[in-house]
Amino acid sequence: MILYLTFNDTPSGIFSSQVIDVVKFLNTHFQDKVQLVSFVSSRQYFNQKAKIKAELTDAIVLPMIPGVPRWRWNVFLLFFVVLSKKPKKIIGRSVLATQLALKMRTKGRVKEVIYDGRGAIKSEWEEYQVIQNPKMLSEIFNLEKEVVLNSNYRIAVSKKLIEYWQNEFGYYSNKHAVIPCTLNKLFEEVDLSEQAIIEARKSIGFDENDIIFVYSGSVAGWQSFDMLYNYMSPILKSNFNCKLMFLSDMDDNILKLKHQFPNQVVCQKLKVSDVPKYLVSADYGLLLREATITNQVASPVKFAEYIACGLKVIVSNHLGDYSEYVKTFENGLLNGDIALPHKQVLLSDKLKIKDIAKSNFSKIHFRSQYNNLLIDHKN
């Protein structure tokens, strides 16, 4: 028995893809039983519990002690879960989840702890004000360093994250696997055909001759909106057939663009299950982010989702491993490329890009790396 532990992660498309799908994959392809244990907000407990268990019926969903700074108090509830389930190891998704797991190892209740590193957490907290509690901010460096150095094994979402661990924490072990954000099954089964593209364009109100750029995802914070605006505004001005689609919530920045380009900018909020059907209508996916440490080590799942739908990705320089990825596979454009992408992407090219996604971002492609999580590791 292995527990996959999350702490303060909200059910979402990312959670479905990178947590629930991973647990299902491990249970389908390997003999060890893996069970999800999620600590969620006590204020949203019943709602979030229902969402998680709708996708994974055997998940254990627990209410957090109110207030993230009180994270240590949750060790008591986790203790009873571990006492009941008797796992041999815990995979912790996040620094705090892994810290709780390490406490179980210290008590002799589990033999191994695996840190599922999703990013440069100290830098993310500081750069994006994820946590504003002064005590937590003063502790996060040591908390992150401890889980990186003291876990039995580690997952990193990018090679750049391994380099960050080496430079920041003096990590020099080889006990890690690099597993980027992989595809949700929805995106592994995309209908990428001429008919599907035509129907998607009609449903949105786009013409067959339009050149479509898309931004899919959260607009919270919009730290990189200026980059998107500066890239797209000259393109929209130069060619009326160029259209920009947001698959997101509406916000003031999008309204600003709609006001400036009223017939070229649309915004639609979709169910997660409908996103692939709309993405196939586009030619280019936008993945423009500022050059923070957080972004330099990141593995944006949107990259994999865009190319799974046959899109070329317009990506910032220094975005995790993906700026180099675009150069290697020629499945996108780097922000700053001289030639503006004013051509539609041919269906034949879309199908090649989709094949790259299936070959490089499906979970089965990382079977050997996932298997390494399940074998025994001495600390």
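If you scan the stretch 249-265, which residues turn out to be within 28 Å of HIS318 (Cβ to Cβ) and under 24 Å from the mean Cα position of the chain (by Cα)?
Scanning the stretch 249-265 gives ASP249, ASP251, ASN253, ILE254.
Taking the condition out of contact with any Ser or Thr (no Cβ under 6 Å at 6 or more places or on another chain), basic (Lys, Arg) and on the phi > 0 side of the Ramachandran plot, does LYS103 pass?
So LYS103 fails the test.
Can you name the condition, by its number, that ALA177 falls short on among (1) assigned to a helix (DSSP H, G or I); (2) not assigned by TED's automatic domain parsing to the domain that holds VAL301?
Going through (1) assigned to a helix (DSSP H, G or I); (2) not assigned by TED's automatic domain parsing to the domain that holds VAL301 one by one, ALA177 breaks only (1).
Only one of these conditions is not met by PHE246: (1) under 20 Å from the mean Cα position of the chain (by Cα); (2) in a strand (DSSP E or B); (3) in contact (Cβ under 8 Å) with a residue 40 or more places away in the chain; (4) farther than 30 Å from VAL23 by Cβ. Which number is it?
The one condition PHE246 does not meet is (3).
Exactly one condition in (1) touching a residue at least 40 places away in the same chain (Cβ under 8 Å); (2) assigned by TED's automatic domain parsing to the domain that holds LEU102; (3) surrounded by fewer than 17 Cβ atoms within 10 Å (Cβ to Cβ); (4) more than 19 Å from ALA97 (Cα to Cα) is not met by ASN167; state its number.
(1)
Condition check: modelled with pLDDT of 90 or more, under 23 Å from ASP21 (Cβ atoms) and either outside any strand (DSSP E or B) or β-branched (Val, Ile, Thr) (or both). Does LYS354 satisfy that? Walk me through it before giving the result.
Numbers: modelled with pLDDT of 90 or more: yes; under 23 Å from ASP21 (Cβ atoms): yes; either outside any strand (DSSP E or B) or β-branched (Val, Ile, Thr) (or both): yes.
The answer is yes for LYS354.
Looking only at the stretch 199-221, filter to residues that are part of a loop (DSSP other than H, G, I, E, B) and within 19 Å of LEU270 (Cα to Cα); which one of those is modelled with the lowest pLDDT? Let's see the steps before the verdict.
Going residue by residue through the stretch 199-221, those that are part of a loop (DSSP other than H, G, I, E, B) are 205-210, 217-221.
From what's left, within 19 Å of LEU270 (Cα to Cα): 205-206, 217-220.
Numbers: GLY205: 90, PHE206: 92, GLY217: 81, SER218: 77, VAL219: 73, ALA220: 64.
Out of the qualifying residues, it is ALA220.
Could you go through the stretch 313-330 and let me know if any residue there is among the aromatic types (Phe, Trp, Tyr), more than 27 Å from SER123 (Cβ to Cβ), in the same structural domain as TYR231 (by TED's automatic domain parsing) and not in a helix (DSSP H, G or I).
The first filter runs over the stretch 313-330 and keeps only residues among the aromatic types (Phe, Trp, Tyr), leaving 322, 325, 329.
With the extra rule that they be more than 27 Å from SER123 (Cβ to Cβ), the set shrinks to 329.
With in the same structural domain as TYR231 (by TED's automatic domain parsing) added as a condition, the list becomes 329.
Cutting the leftovers down to not in a helix (DSSP H, G or I) gives us none.
No.
Looking only at the stretch 94-113, count how many residues are touching a helix residue (DSSP H, G or I) at 6+ places or on another chain (Cβ under 6 Å) and either β-branched (Val, Ile, Thr) or in the same structural domain as ILE293 (by TED's automatic domain parsing) (or both).
The total comes to 4.
For ARG289, work out the one condition from (1) in a helix (DSSP H, G or I); (2) in contact with a helix residue (DSSP H, G or I) (Cβ under 6 Å, 6 or more places away or on another chain); (3) of a type in the set (Lys, Arg) it doesn't fulfil.
(1)
Out of the helices (runs of 4 or more DSSP H) lying entirely within the stretch 27-132, which hold 1 or more residues that are touching a residue at least 24 places away in the same chain (Cβ under 8 Å) and hydroxyl-bearing (Ser, Thr, Tyr)? If you could, list the steps in order and put the result at the bottom.
Values: elements: 45-55, 75-85, 95-106, 121-128.
Ranges flagged: 95-106, 121-128.
Which is touching a residue at least 12 places away in the same chain (Cβ under 8 Å), touching a Phe, Trp or Tyr at 6+ places or on another chain (Cβ under 9 Å) and part of a loop (DSSP other than H, G, I, E, B), of ASN263, ASN253? Give the steps one after another, and end with the answer.
Numbers: ASN253 fails: part of a loop (DSSP other than H, G, I, E, B).
On inspection, the qualifying residue turns out to be ASN263.
The values are calculated or read from the model by the stated rules, or taken from the named source; none is laboratory data. In this text the structure is predicted, and so the values were computed from the model without any measurement. As a convention, Cβ positions derive from the backbone with ideal geometry for all residues, glycine included, and neighbour counts pool all protein chains shown.
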